[in-house]
Amino acid sequence: MRKSIYAALIASAVLAGCGASETPTAKTAETTKAQEAATEAAKTTEAESEAATTAATEDTAFDFTKDPIDLKIGVVGSVYDDLWAPAAAKLKDEGINLEIVQFTDYVTPNNALANGEIDLNAFQHQIYLAKEVEQYDYKIQAIGNTFIIPLNVYSDKIKSIDELKDGDTIAVPNDLTNEGRALKVLAAAGVITLKSNDNFNPTLDDIEENPKNITIQELAANTIPSTLPDVTAAVVNGNYALDFGLKTEDAVYKDSVLDEEKYWNLIAAKTEDLSDPKLVAAYDAVVKAFQSDETKKVFDETYGGYFINVGWDQDLLADYK
């Protein structure tokens, strides 16, 4: 009897032990299933989130072919009609009607942009825009780079810059930034020496040496080409040189100060417009349409490389998209 009871107790204990060892296994299986379920749920949530993000992106994309938009861009010089023709044609197909608005000076376009008379402008380099913003407190900024153009020296009276004589006169643009660049060109040509004060935008006061006593006459940039009969030579802005039929090969000295980023030309917009997603999308399309092979073809084939594309790999609107 005692042996039977003892055997029964042992058997019971063994069964109990087996039962105890099976319970964690069952719980582990249940936990694994729960984890798998949670993982699948997470995947589903992630997929739904991605779908929602895609939908949101699609909702904020603008199809201007269905909802056309009219934009005005201010420029200075008839050459810009040619430079912007490929972009304007491409944009028209995309539902963006880009009107080229011509100005006759460098002062008006930023004022017109700041006052909302135009939507964009494309006529100036970075340092000029910075000075205008500082002087007039304009709330405008660059949204894309375009090109750099030379600031060559032309003359009706001499064939080379080396022919300058004592007391001759050279005309330069009288606006601060273009005058500074013109003085750098004259320094590179050996006409003058500038003080080594690292002044990015030198003025007449920064001239240290003028060995031939050249008279430097400050004139409005748009009037300089017409004064060539009256001066020995003149530093002429590229767009005005082209307007007056002055070719690069006719220059008595060619600009060698071309690699400074602050002289890159740009497209500018009002800062407040960049808070409007629709305008940002339209402006981005304008920038991309200009920064194209078709535009570069005009640079190279129509104007013989007179214009050099720069900074097209920079997305200045990235923070607003």
Report summary line: For K288, counting only lysines whose alpha-carbon sits under 17 Å away and dropping same-chain residues fewer than eight positions off, the answer is K72, K90, K92, K278, K296, K297, K321
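I need T169, T232 ordered by Cβ neighbour count within 10 Å, fewest first.
Sorted ascending by nearby Cβ count, the order is T169, T232.
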Report summary line: Between the modelled labels at K157 and D230 (7 Å from Cα along Cα→Cβ) the distance in nm is 1.3 nm
Query - Centroid-to-centroid separation of segment 99-163 and segment 250-281 [C-alpha atoms, Å] - result: 8 Å
Report summary line: For K195, counting only lysines whose alpha-carbon sits under 27 Å away and dropping same-chain residues fewer than eight positions off, the answer is K131, K165, K184, K212, K254, K262
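Every read-out reported here was derived from the displayed coordinates using simple, explicitly stated rules and does not represent laboratory data. Owing to the predicted nature of the structure, the values given are computational and were not obtained by experimental measurement. Positions of Cβ are backbone-derived with ideal geometry, glycine not excepted, and every protein chain shown enters the neighbour counts.
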